[in-house]
Structures are given as structure tokens and as C-alpha cells.
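To start, the structure itself, in C-alpha cells.
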Amino acid sequence: MKQMMKLKINSSFIIANLVAMPLISVFITYFFLRGNNDAYDYVDTYLKQSKVIKLTIPKLYEEKRERYKFRDGRKGARDYRQFIFYSPQYHKHIAIVSFSDIDLDSKIKYDLDEERRSHIYNYQATIIAYANTIQWNDAKYGMKDLPMPIFVIKSTHLYNNTKKIECLSFHNAEKVSPEATRQYVEQYLAHFLPEDEFDRLFKGRKK
């Protein structure tokens, strides 16, 4: 009898955990790890407000990475990446924004952003990118302590515009997929754009 009661208690404990733990994980992710929940609705707005710019990355640059949690669980962390340089063309400090484990090669699951940083951007690449016009026209963006965030569409040339990009080791690594761009913007708005700055950029604007 005692063994049966113990078995029932253990079974109830296991079942409760099987039900409760996923719910707790969802709760933690939604309320604590998703960042600014409003940001997910403004990805299209941010991109519609953006213009397309073309520039060449100089020899001098700086790379920054920051690990952050975007959901609960072992695979719930990513790197926030910035490839920072000064553009004499635009007289601004620029930061190419991207995130790890988003734009993956479909066959071998290799992070194409790593390929771009290791074999394109650091070779004085000429790039075409999105730049949000509200941030672009704000004097505080483009300073050394607050570089202007941009999102690369594609790279066209290397070595200060002298060598055209024709074929790379990973297919289409010179191009960032539209899906990856949307996710980069989404993660940037949700986790790394301060909420007061988010409100300033989007408050009163239609989604």
C-alpha cells in the first residue's frame, strides 16, 4: 500500500513537472527574455523608414560581440555583433549590426555572417546597406560612442573597390537574405535599442 502511494506521489510529481516546466520556460521567455515586446511589430516600419546607402569599409575597424539571452534553454543565447569603422564618405562612425546563428548555410548550417566578417568586411569591402533615416539624420548617431547602425544588403567589391566579388566559398555569402535582415532588425529593436529611444523613433507613427 505504501509503495502504491509512493508510486502515485512520484507519478504526480513527474506529471506536474512535465506540465509546469515548459509553462515556466514560456513565461520566462515571454516576460523576461523577449526584450521590448512592442519592437516585434515595428520591423517593417523601421525598414520602410530606411534608405539604401553604399560605402567602402576602411582598413581600420573594430569588432564587438556581446552574448545575450533571447529565450530560455541551452540554445537560447546569441551573439550581438558590431563591425565598427569610421566612414570619411559620410563623416560618421558606422556599425554593421548582425547576430549569430540566424543566417545559416542551408546545407551545413554554417553561420554566413562569420564568413562575411572573416572574408569580406575585413578586406575593405564595398557594401550596400539599409540605414534608418530618423537615426541617420539625428546628430547623436554616428559619434564614436554611438555609431550609426546599418544592416548590410550585399557586398559588391573588395580591396577598396578594386576587385569585384564574383564567387565565394559559401554560396551567396556576399548577400544577406531578406529573412535574415528582418531578424537582425527584430533582435536589434527588441534587445539593444533602449525603450525610451524606441518610443522616440516610433511613438505616434503607424506600424
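The values are calculated or read from the model by the stated rules, or taken from the named source; none is laboratory data. Values in this document were obtained by computation on a predicted structure and should not be read as measured data. Because the Cβ atoms are built from the backbone with ideal geometry, glycine has one as well, and the counts that use them run over all protein chains shown.
Structural remarks
- Scanning segment 115-147 for residues that are among the small types (Gly, Ala, Ser) and without any contact (Cβ under 8 Å) to a residue 12 or more places away in the chain yields Ser118, Ala139.
- Residue satisfying all of: in segment 149-165; of a type in the set (A, V, I, L, M) and crowded, with 21+ Cβ neighbours inside 10 Å; farthest from Glu186 (Cα to Cα) among these: Leu158
- Among (1) at pLDDT below 95; (2) more than 17 Å from the chain's Cα centre (by Cα); (3) surrounded by fewer than 17 Cβ atoms within 10 Å (Cβ to Cβ) - the single one Phe202 does not satisfy: (3)
- Among the residues here, Ala139 does not qualify as under 12 Å from Ser98 (Cβ atoms) and either out of contact with any Cys (no Cβ under 8 Å at 6 or more places or on another chain) or in the same structural domain as Tyr86 (by TED's automatic domain parsing) (or both).
- Residue match in segment 108-120 (condition: in contact with a strand residue (DSSP E or B) (Cβ under 6 Å, 6 or more places away or on another chain), surrounded by 18 or more Cβ atoms within 10 Å (Cβ to Cβ) and within 15 Å of Ala190 (Cα to Cα)): no
- Scanning segment 44-89 for residues that are assigned to a strand (DSSP E or B), touching a helix residue (DSSP H, G or I) at 6+ places or on another chain (Cβ under 8 Å), hydroxyl-bearing (Ser, Thr, Tyr) and crowded, with 17+ Cβ neighbours inside 10 Å yields Ser50, Tyr80.
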